Amino acid sequence: MNGRNRWVPLGLTAVLLAGGVLGGCGSDGSKTTGSAGGDKSADAGAKGGESPAPAGKVKIQMAMAASGLPAPEADDIKKAIDQKLNVDLQLTAIASGEDYKNQIRVRLSGGNYPDLFSVDFADVKEFADKGLLLDLTPYMDKELKPAKDFVVGLTPNIMKKVNVNNKLYAVPRVGDVPFSTMWVRKDWLDKLGLKAPTNLDEFLAVAKAFTEQDPDGNGKKDTYGITGAKLDGFATVFGAHGVGLPGTFYEKNGKVTNAYYDPGMPEALKYIKSLFDAGVVDPEIMTNKGNVEVQKAFQGKAGLIFKGWTDIAKDEFVAQYKAINPKADWVQMTALKGPGGQFDGSYDYDRPSRYWVIPKALEKDKAKLQKVFDLINYVSGKEGNTLVMYGIEGKHYNMKDGKVVPTDLMAKEGNYFNLYQITGRPNKEYLAIKFPNQAAATEFAIKAPRIPSFDSSVIPPTGFNKADADRFAEEEMIKFVTGKRPIAEYADFLKTLETTFKYKMYVDEGEKQIKEQGFVK
């Protein structure tokens, strides 16, 4: 836990949660989706044991679930913001998302509000319904207009994602760009006289060759075609059947569709099963954890993997696999064509990467509220956004011909800068500067065709346990593709999903929310 602010001890957190907080509501059981987890901020005053602000400065307490924040005296971004806005910005970062969520709830229940903090979308609705959050709707076109223009300029539909009961209770952080694609060992293709596969038939053929034709030349049958992490490893296969990843929501033929109900899903499962039947899949693919699949790929255990460029193309990872085999050459592969089109899975392009909220109690302190608005707007403007992306000019970067040129210190000291990117950043520009050697890989991943999904729009209804339903569904999907359950029983699977786990209730509510947000008519 960062020492900048003192929070309620976790032992007391558990006691308070057990007794019920927030007007009798216990800790929310919904799974955090898509965001960094939450945020942490503190309230004015010393209720939480926070340090007082220097004379003349307005203290702003900001909170989030994150790690890597340096001490205040080593925090160049804090110092620059403090000086620019005449504030004492106190950011608390808690590494564990669950610990963070619990402590936020304890603080809210005790009236000890952070000034600006991050939560997931389900919590936005819950806290707003309880009257704990400031309705930002009246401020969006005036006090917060610079921030709104910034996020909408980068993600046009993003404000729809923070709509709760036709009001706006959160400032969204710009959505991330997609990172993942299928990667293939080009040196293996070259050795076997093959080309990168472009369709499902070629994909199976290449996977077989990688499994059976000794692509590493060691005289042993010790390679597989495909490795990955569970069903996500087959994203491009689902996409080739026009199907989103299991459980996702998207538009198909003008209607909101959940992937489990897509007619193409059983066909996609049949094809994936054919890969298992052919023996070309890493037998541990459904149990790989902790990025072990990447290490298997680097060690030459498989020649195809669906993964983000951040795990393969960064300089340190290239050095890793080149140290094992200097001839190894991992390259990105275009999405496979199939009966449902050509998509590298599904992706929620409009998903905010964080939801920032302000407590309603701050409405009474107009001066501090304005400072919070100033902070949000500053990091959304050119000067402030450049600061929170790249650090201090002359130290972390220099300007040459109008372009940002990073110094060695940016890589050494800049890993925490993103914590201050409240409303986000122009991702393409940022990635090109931060990772110049990976520019082609980032561009490839961004441009890869994907099925636009709406998952971050959906808050599970009361009475539906999404975690249990997701667990059951994943277990059955794995049984289907590994041959432990006949795909002919797919309709029976859906029936159990609906009756035992109330999944149809979730789908109906998801369709309603997606339509209310204006994504599908």
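A few comments on the model shown:
- Any chance D129 is within 23 Å of A63 (Cβ to Cβ) and out of contact with any Lys or Arg (no Cβ under 9 Å at 6 or more places or on another chain): yes
- Scanning the stretch 258-298 for residues that are over 25 Å from E489 (Cα atoms), surrounded by fewer than 22 Cβ atoms within 10 Å (Cβ to Cβ) and small (G, A, S) yields one hit, G290.
- Single unsatisfied condition, I422 versus (1) among the β-branched types (V, I, T); (2) under 20 Å from D120 (Cβ atoms); (3) in the same structural domain as M159 (by TED's automatic domain parsing): (3)
- The condition of being in contact with a strand residue (DSSP E or B) (Cβ under 6 Å, 6 or more places away or on another chain) and modelled with pLDDT of 95 or more holds for only one of G264, G244, G279, that being G244.
- Any hit, the stretch 399-416, residues being outside any loop (DSSP other than H, G, I, E, B), surrounded by 14 or more Cβ atoms within 10 Å (Cβ to Cβ) and among the small types (G, A, S): yes
- Count - residues of the stretch 172-201 that are closer than 30 Å to D129 by Cβ and touching a helix residue (DSSP H, G or I) at 6+ places or on another chain (Cβ under 6 Å): 2
- Strands (runs of 3 or more DSSP E) lying entirely in the stretch 61-174 (those with 1 or more residues that are over 24 Å from the mean Cα position of the chain (by Cα)): 87-94
- Listed here are the strands (runs of 3 or more DSSP E) enclosed by the stretch 218-283 that have at least 2 residues being farther than 18 Å from I514 by Cα and in contact with a Gly (Cβ under 9 Å, 6 or more places away or on another chain): 224-227.
- Scanning the stretch 153-207 for residues that are among the aliphatic types (A, V, I, L, M) and more than 30 Å from D123 (Cα to Cα) returns M182, V184, L189, L192, L194, A196, L200, L204, A205, V206, A207.
- Taken over the stretch 308-333, the criterion of being out of contact with any Phe, Trp or Tyr (no Cβ under 6 Å at 6 or more places or on another chain) and closer than 15 Å to F179 by Cα is satisfied by D311, A313, K314, V331, M333.
- Among the residues of this structure, G97 does not count as one that is modelled with pLDDT under 95, among the small types (G, A, S) and surrounded by fewer than 17 Cβ atoms within 10 Å (Cβ to Cβ).
- Residue check, E126 in the same structural domain as L304 (by TED's automatic domain parsing) and surrounded by fewer than 23 Cβ atoms within 10 Å (Cβ to Cβ): no
- Residue check, G244 closer than 29 Å to E475 by Cα, surrounded by 22 or more Cβ atoms within 10 Å (Cβ to Cβ) and in contact with a Leu (Cβ under 8 Å, 6 or more places away or on another chain): no
- Scan of the stretch 70-81 for residues that are surrounded by fewer than 21 Cβ atoms within 10 Å (Cβ to Cβ) and either touching an Asp or Glu at 6+ places or on another chain (Cβ under 7 Å) or among the aliphatic types (A, V, I, L, M) (or both), ordered by number: A71, A74, A80
- Search result, residues across the stretch 201-228 that are surrounded by fewer than 20 Cβ atoms within 10 Å (Cβ to Cβ), of a type in the set (A, V, I, L, M, F, W, C) and touching a strand residue (DSSP E or B) at 6+ places or on another chain (Cβ under 9 Å): L204
- Positions within the stretch 371-393 being β-branched (V, I, T) and surrounded by 20 or more Cβ atoms within 10 Å (Cβ to Cβ), in sequence order: V372, I376, V379, V388
- Considered as a group, the residues in the stretch 426-484 that are within 20 Å of the chain's Cα centre (by Cα), within 26 Å of K255 (Cβ to Cβ) and in a helix (DSSP H, G or I) include one that is modelled with the lowest pLDDT, and that residue is S457.
- Leading residue by the ranking (surrounded by the most Cβ atoms within 10 Å (Cβ to Cβ)) among those in the stretch 420-452 that are touching a residue at least 60 places away in the same chain (Cβ under 8 Å) and hydroxyl-bearing (S, T, Y): T423
The values are calculated or read from the model by the stated rules, or taken from the named source; none is laboratory data. Quick caveat: nothing in here was measured; it's all calculated off a predicted structure. Cβ coordinates were reconstructed from backbone atoms using ideal geometry, including for glycine residues, and neighbour counts include every protein chain displayed.
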